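Heads up: the structure comes next, in structure tokens.
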Amino acid sequence: MERSKLRAVADFPEPGIQITSQFPKIFSTICLGICFIVFVFYKGGKAFFTRFYSLPPQSYVQNIKEAVNGNGLVKRSKVGIKKASYRRRLILASAKPQMYSTVPLTSKKDTDCSNKAYQDIRIARVDKEENSEFLNLIKPMEPDFPKRKILYGFFHPYSYAGGGGERVLWQAVYVTLQKSSRNVALIYTFTESNDQSVSSILTSVHKTFGLDFFTEDKKGRVVFMQLPNKYRWIIDGNSFKFLTMAFQALGSVIAFFFAMNECAPDIFIDTLGLPFSYPLASCFLQIPVYAYVHYPWVSNDMLNKLAIKMKKNPVYILKYAYWYLLMKLYSICGSFLTESSCNSSWTLKNLLKVWTWADEDSKPAIIYPPTGIDESKIRLNADSSRSHIFLYIAQFRPEKRHELLIKEFHKYVTRCDKLCAKPFKLVLIGSTRSDDDKKTVEHLKSLINDFSFPEGMIEIKVNAAREEVDEYLNKSEFGLNAMWNEHFGISVVEYMIYGVIPIVHASGGPLADIVVPVDSDTGKLLVEKGESYSRDTIGETYMPGLFFQDPSDPDSSTRKTEFESLSDVLWRASELTDAQRLQYRKNAISVAEKKFGISVFEQEWDRVTTSLADYEIYERNKRGKVERLY
């Protein structure tokens, strides 16, 4: 028997491809060749792109002088493909950089920001007639030249949306401009529609976030670089039916080059989450790169969920491999960052599972998002009476789970009717940024109608002005957050700043970072950033809010049920005594002031801009002489 086995093995044919003794040498040669090609591409690309986007033609000074003495227009034939380098010199020299935006300055009846005329290189009247230093400042200058402007490029294609990510963007821009009169903010963005202008966008920012960019000290230093609206689809996940994230990654690379083709910055800042732009900005532009991470682009949790599905269906192996590759690429992209921050300890924890290269020195810092609220202007009295209102501030998107809230609120109202108790009113406030969001609002209205709520029991406020939002924050008793695993939850912080008692889902940022115990008498937080704690040990006396869970939660099958349903919590909240509500309110205000005051974000962002500015000079001094000066 053993002999027959041996004979069978011996009769087995030799492999078709012979592994000769020369194979290791051939393989090594191929690897070295690939490495050499990559090195040459990197070195050549670095020199090419830095010069292409920053170094104007030799005749640029003469061309600009002719434009100053003429009608102000530098002819397209003279600009050629170097419009980015021309525009950069003009912004650096201008008394009012905003005049060189590629978005129209004001809205008129026939405004069309897709018109190529706005891309032309034209000298602003203020520089022609009032800026005596203009022609000197367009020339190259040393990194430590005291009048040199620093261009902070904010890469945020959806800057017009009214969500928490945009609040971070605009508050960061505000603090950056506030720090130094030499700082200029370049906003690389699509516009909501083609009739938008610099004035209309900044007016909307003021209305939504309460930030005024029309004051004398900031006016003129926000420069909009228009990304072509017709290509907005390249980073929209709804545009791709398969390989969505891969196509979005490719789209972000294309959007990056669209942005740089308008004007290259001195410092590149991503506040949206487009990681494939980091290596390009770092390697080819040789500038500092910073990212504010709202949530990991790909996370371990996504892979873990697929791993469970793979056991039942082997087809998911391909999807697992696809996501795993994207996760590794995301990690590589992150390693090109000069510095980074994230919005919560939950985000940091999940990010570090992906960015395995990060150590204590290079890992992201936690910078809690700003509320945009100046606490000094809030006349707050914890003892003051409140209206019987459950308030929910959130964008009208499916993941915010408005539908769950309405269903649970119906259970709560039904319970109140049975027990002859007067229910609280529900107010939903949020913004819409797309047609899908508008459809969500219509669906919610239909759902409310189906439940036959009494008239006025639920109100929906779409794209409400900041003043109206503040009015509801001043008078509401409780504030809701229904999203599962919200990465942070800026609206929850807003509730607490105004003394609105939060009722939140027991997950993500609200659980780990926001609704945390505090001794309101001393103002001392009882847990550090992201530190876990036992609510049974702490006690309700020190808690600033209430938590709930729901059977529809994605992790309900694997997580222990520790909290009541939302409808039960709504009932319990409405039955709290005045003394209990007062204690919750005092705790909420204490946590908000200690952890999330506007001054906290300003201090943290001031540190970031200082660090990036120092590193920008360091990087610039490492360049060749020509690249250093331009």
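Some notes on this structure:
- Any hit, region 306-313, residues being within 20 Å of residue 165 (Cβ to Cβ), polar (S, T, N, Q) and out of contact with any Leu (no Cβ under 7 Å at 6 or more places or on another chain): no
- Check on residue 230, among the basic types (Lys, Arg), out of contact with any His (no Cβ under 7 Å at 6 or more places or on another chain) and under 23 Å from residue 436 (Cα atoms): yes
- Selected residue (only one of 54, 85 is of a type outside the set (Phe, Trp, Tyr) and at pLDDT below 90): 54
- Subset of region 355-368 that is among the hydroxyl-bearing types (Ser, Thr, Tyr) and over 16 Å from the mean Cα position of the chain (by Cα) - its residue that is surrounded by the fewest Cβ atoms within 10 Å (Cβ to Cβ): 356
- Test: residue 503 is among the β-branched types (Val, Ile, Thr), part of a helix (DSSP H, G or I), touching a residue at least 40 places away in the same chain (Cβ under 8 Å) and not assigned by TED's automatic domain parsing to the domain that holds residue 293: no
- Any strands (runs of 3 or more DSSP E) falling wholly within region 255-354 and containing at least 3 residues that are surrounded by 24 or more Cβ atoms within 10 Å (Cβ to Cβ): 267-270, 289-293
- Condition met for residue 444 (farther than 23 Å from residue 343 by Cα and surrounded by 20 or more Cβ atoms within 10 Å (Cβ to Cβ)): no
- Taken over region 422-443, residues that are closer than 14 Å to residue 457 by Cα and over 24 Å from the mean Cα position of the chain (by Cα) amount to 6.
- Residues in region 397-412 that are modelled with pLDDT under 95 and either among the β-branched types (Val, Ile, Thr) or surrounded by 15 or more Cβ atoms within 10 Å (Cβ to Cβ) (or both): 397 alone.
- Taken over region 539-554, the criterion of being of a type outside the set (S, T, N, Q) and either closer than 23 Å to residue 477 by Cβ or modelled with pLDDT under 70 (or both) is satisfied by 539, 540, 542, 543, 544, 545, 546, 547, 548, 550.
- Top-ranked residue of region 35-51 - restricted to ones that are modelled with pLDDT under 65 and of a type in the set (A, V, I, L, M), ranked as nearest to residue 82 (Cα to Cα): 40
- Of all residues in region 214-250, those satisfying the criterion of being crowded, with 18+ Cβ neighbours inside 10 Å, under 20 Å from the mean Cα position of the chain (by Cα) and either small (Gly, Ala, Ser) or outside any helix (DSSP H, G or I) (or both) are 222, 223, 224, 225, 226, 227, 249.
- Residues of region 609-627 satisfying the condition of being touching a helix residue (DSSP H, G or I) at 6+ places or on another chain (Cβ under 8 Å) and of a type in the set (A, V, I, L, M, F, W, C): 626
Every residue, every condition in (1) within 27 Å of residue 416 (Cα to Cα); (2) assigned by TED's automatic domain parsing to the domain that holds residue 184; (3) modelled with pLDDT of 85 or more; (4) within 24 Å of the chain's Cα centre (by Cα), yes or no:
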position	(1), (2), (3), (4)
527	no, no, no, no
581	yes, no, yes, no
618	no, yes, yes, no
624	no, yes, no, no
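- Scanning region 569-588 turns up no residue that is in a helix (DSSP H, G or I), touching a residue at least 12 places away in the same chain (Cβ under 8 Å) and closer than 30 Å to residue 267 by Cβ.
- Matching option when the condition is touching a residue at least 60 places away in the same chain (Cβ under 8 Å) and among the small types (Gly, Ala, Ser), among 200, 159: 200
- Residues that are among the β-branched types (Val, Ile, Thr) and over 12 Å from the mean Cα position of the chain (by Cα) within region 262-310 comprise 267, 287, 289, 298, 308, listed in sequence order.
- Note on region 591-623: residues that are touching a residue at least 40 places away in the same chain (Cβ under 8 Å), farther than 19 Å from residue 337 by Cα and out of contact with any Pro (no Cβ under 7 Å at 6 or more places or on another chain) amount to 8.
The values are calculated or read from the model by the stated rules, or taken from the named source; none is laboratory data. Quick caveat: nothing in here was measured; it's all calculated off a predicted structure. Reconstructed Cβ throughout: ideal geometry from the backbone, glycine too, with neighbour counts over all protein chains shown.
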